Structures are given as C-alpha cells and as structure tokens.
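To start, the structure under review is shown below, and the notes come after it.
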Amino acid sequence: MTKAELRKLYTEKRATMSEAEYFHLNHLLCEYFFAFVDLSFVRVLHSFVPIEKFREPNTWLIIDRIRREFPHIRLSLPRVQPQTGQLENIFFEGMHQLQTNAWGILEPKQGVPTEPEKIDMVLVPLLAFDVYGNRVGYGKGFYDRFLPLCKPSCQRVGLSLFAEPVAIDDTNAFDQPLTQIVTPAGVTVF
Ligand SMILES: Nc1nc2c(c(=O)[nH]1)N(C=O)[C@@H](CNc1ccc(C(=O)N[C@@H](CCC(=O)O)C(=O)O)cc1)CN2
Ligand SMILES: Nc1ncnc2c1ncn2[C@@H]1O[C@H](COP(=O)(O)OP(=O)(O)OP(=O)(O)O)[C@@H](O)[C@H]1O
C-alpha cells in the first residue's frame, strides 16, 4: 500500500481502539521497552510527547520511569517549527515547561536547547512500519529532517501499538529508517 493509504488505514484502526485496549497495549509496550531496549549507553534520550486522543503510544509511561529509575539520563522533547519544517529540541525540566501547540501537542515553551549530536536515542512516532524499518508518519517530514542531524550511533526506536509490519510501496530517498521497533508483542532490531 502507499503511505497515504496506510496513513488512512492506521488512523482508522487507532480511532476504533477501545480505551481498555489502549491502556493494555501501552503497558505491554512499556514492559518490552524496559525489558529489551539497551539503555546502558544512553545519556540523552529524545522522546515525542503523545497525542493521546490520536491513540499514540503513551510515552509518559516511559518518560516517568526514566525519571524515577534512570536519573542520569537527560530527556529532550521536540518543538515544531512550522515555518521551516524543523524540530527544535529542548531538555525536559518538568510539566511547568510545557504548553499545547496549534496541533494539540504539548511542547516546551522555553528551556535549554539540545544539540542533536548529543542525543543517544530517539523515540520515534509512527503510524506504520515495514520489515526494513521504514516508517509512515503524518507526512510532514519532521523526523526525516531531524534524524540525519543526530550522530550515526544514535538509536532510532520506533514505538507502535500495532505489532505487524506492513508493505510500503512508496518509500523515498528522504526516509530515515529505524534501528529498532518496540510493540506490544516485543522488540525487533533492524
Ligand atoms: N506526539 C507527536 N509529536 C510530534 C510528532 C508526532 O507524530 N507525534 N511529529 C511527527 O512528525 C512532529 C509534529 N508533527 C506534525 C504533523 C502534522 C502537522 C500538521 O501540520 N497538521 C495539520 C495540517 C496543517 C497543514 O497542512 O499545514 C493537520 O493535520 O490538520 C503538524 C505537526 C513533532 N511532534
Ligand atoms: N530532508 C528533507 N528535505 C526536504 N524535504 C523533506 C526532507 N525529508 C522529508 N521531506 C519531505 O517531507 C515529506 C515527508 O513525506 P513522507 O510521506 O515521506 O512522510 P512520512 O514518511 O510520513 O514521515 P514523517 O513522519 O517524517 O512526516 C515529503 O514531502 C518529503 O519530500
């Protein structure tokens, strides 16, 4: 299927997911994340902030546990620059720092910028992924522009509440593949 078709299909699948299923799948995903993703080398972890009404994976479960159990890991959150299509990245200090942007995403309103070269791991949002680690996002290219700025050793960890890979007919030269994916069925390394 094309990215546009997959976007539509997976947006619908998310919309029909019950609250109970969303809760359950998020907890499984979080358990697999901490059981199987190597955080030993991570000093700076970049995460998206979930749009829960779109049933995105609830990264708060991961962020909160990192803050409790891995206090040496610094968290960085994205801020969208709509004019340029770039992401700015800001170290996370606490909820007081966040405000809702035009698309309903919480993002830092101020704070210390994170240099992309300092980031050891990025948690990447997606609608669907294939067996090669290619992803389908919302189609604005924010992560396709951001990920090449990070160092080659930076881990790009996709999070998906749907475990099965899809076939993407129209991957393109800008696509930035994931290094691994975490789903409620486990972790796959590409
Ligand atoms: N939680 C979360 N944060 C994220 C992302 C994400 O997928 N999930 N992003 C992943 O990239 C970036 C933001 N993605 C965006 C995707 C679409 C639009 C957007 O423009 N939406 C309008 C269309 C307006 C227009 O066409 O100009 C809309 O959908 O109505 C904005 C930001 C950064 N933060
Ligand atoms: N480095 C880049 N420079 C300029 N344009 C880019 C770059 N990366 C991506 N784009 C553009 O951004 C858009 C991304 O569309 P695509 O369908 O590939 O998005 P996607 O795979 O859903 O990913 P994303 O979540 O990053 O939007 C395309 O129009 C592409 O041409």
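Within region 45-77, being in a loop (DSSP other than H, G, I, E, B) and surrounded by fewer than 17 Cβ atoms within 10 Å (Cβ to Cβ) holds for 51, 70, 71, 72, 73. Within region 16-32, not a single residue is under 16 Å from residue 124 (Cβ atoms), surrounded by 13 or more Cβ atoms within 10 Å (Cβ to Cβ) and in contact with a His (Cβ under 9 Å, 6 or more places away or on another chain). With respect to the stated conditions, residue 4 fails to be over 16 Å from residue 122 (Cα atoms), of a type in the set (Gly, Ala, Ser) and without any contact (Cβ under 8 Å) to a residue 60 or more places away in the chain.
Selection of region 144-187 for residues being within 16 Å of residue 117 (Cβ to Cβ), touching a residue at least 12 places away in the same chain (Cβ under 8 Å) and not polar (S, T, N, Q) yields 145, 146, 147, 148, 149, 150, 151, 154, 156.
Going by the conditions given, is residue 121 farther than 27 Å from residue 169 by Cβ, away from ligand 2 (no atom under 14 Å from the Cβ) and touching a residue at least 24 places away in the same chain (Cβ under 8 Å)? Let's see the steps before the verdict.
Details: farther than 27 Å from residue 169 by Cβ: yes; away from ligand 2 (no atom under 14 Å from the Cβ): yes; touching a residue at least 24 places away in the same chain (Cβ under 8 Å): yes.
Considered against the rule, which asks whether it is farther than 27 Å from residue 169 by Cβ, away from ligand 2 (no atom under 14 Å from the Cβ) and touching a residue at least 24 places away in the same chain (Cβ under 8 Å), residue 121 comes out as yes.
Within region 80-107, take every residue that is in contact with a Gly (Cβ under 9 Å, 6 or more places away or on another chain) and not β-branched (Val, Ile, Thr) and give me the one that is nearest to residue 49 (Cα to Cα). Walk me through how you get there before you give the answer.
Looking only at region 80-107, we keep the residues that are in contact with a Gly (Cβ under 9 Å, 6 or more places away or on another chain), and these are 85, 90-93, 97.
With not β-branched (Val, Ile, Thr) added as a condition, the list becomes 85, 91-93, 97.
Working: 85: 18, 91: 13, 92: 11, 93: 14, 97: 13 Å.
The extreme case among them is 92.
Checked against (1) loosely packed, with under 14 Cβ neighbours inside 10 Å; (2) away from ligand 1 (no atom under 16 Å from the Cβ); (3) more than 23 Å from residue 25 (Cβ to Cβ); (4) not polar (S, T, N, Q), residue 120 passes all but a single condition, namely (1). For region 78-107, a residue qualifies if it is β-branched (Val, Ile, Thr), surrounded by 16 or more Cβ atoms within 10 Å (Cβ to Cβ) and assigned to a loop (DSSP other than H, G, I, E, B), and exactly one does: 105.
Only one of the listed residues (66, 51, 90) is within 16 Å of ligand 2 (Cβ to nearest atom), free of Cβ contacts under 8 Å to residues at least 60 places away in the same chain and among the β-branched types (Val, Ile, Thr). That residue is 51. Scanning region 135-162 for residues that are buried (at least 17 other Cβ atoms within 10 Å of the Cβ), in a loop (DSSP other than H, G, I, E, B) and not aromatic (Phe, Trp, Tyr) yields 137, 150, 154, 160, 161. Has region 171-187 got at least one residue that is hydrophobic (A, V, I, L, M, F, W, C), assigned to a loop (DSSP other than H, G, I, E, B) and surrounded by 12 or more Cβ atoms within 10 Å (Cβ to Cβ)? Taking every residue of region 171-187 in turn, at least one turns out to be hydrophobic (A, V, I, L, M, F, W, C), assigned to a loop (DSSP other than H, G, I, E, B) and surrounded by 12 or more Cβ atoms within 10 Å (Cβ to Cβ).
Apart from one condition, residue 42 fits all of (1) touching a residue at least 60 places away in the same chain (Cβ under 8 Å); (2) not charged (D, E, K, R); (3) not in a loop (DSSP other than H, G, I, E, B); the exception is (3).
The numbers here are math on the coordinates, done by the rules we state, and not lab data. Quick caveat, the model's predicted, so the values are computed rather than measured. Cβ: placed from backbone, ideal geometry, glycine included. Neighbour counts: every protein chain shown.
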